[in-house]
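One structure below.
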Amino acid sequence: MALALFQRVEISTHPPELAARALGLNPGDAAYLLTGLRKEVAKELALALLAGRPSREINDQKGTDDE
């Protein structure tokens with residue numbers, strides 16, 4: 001249910017209230033679900049973007065500076 005809501009709002013750009021209604025959800029419950037999903041998506045995206053990159057701390061220990 002949460003994934004269907006996320007897809008309707010974030011991918012298909014339906015207004016949140018209409019997406020909630022279409023899925024039989026209360027708009028308040030839908031807002032709560034979307035908040036949690038957005039946080040998870042942001043976290044997963046950040047981890048994917050940083051995957052395989054050494055942290056700044058590791059670079060500093062090696063004496064390299066990319067700036």
_Looking at segment 1-44 only, could you name the residues that are loosely packed, with under 12 Cβ neighbours inside 10 Å, outside any helix (DSSP H, G or I) and either free of Cβ contacts under 8 Å to residues at least 24 places away in the same chain or touching a helix residue (DSSP H, G or I) at 6+ places or on another chain (Cβ under 7 Å) (or both)?_
Ser12, Thr13, Pro15, Gly24, Asn26
*Top-ranked residue of segment 45-65 - restricted to ones that are open to solvent by less than 100 Å² (accessible area, probe 1.4 Å) and not aliphatic (A, V, I, L, M), ranked as modelled with the highest pLDDT*: Gly52
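The values are calculated or read from the model by the stated rules, or taken from the named source; none is laboratory data. Quick caveat, the model's predicted, so the values are computed rather than measured. With ideal geometry, Cβ positions are generated from the backbone for all residues, glycine too; neighbour counts draw on all protein chains shown. Quick note on the areas: whole protein, heavy atoms, side chains included, nothing else; ligands and nucleic acids left out. Shrake-Rupley method; radii C 1.70, N 1.55, O 1.52, S 1.80 Å.
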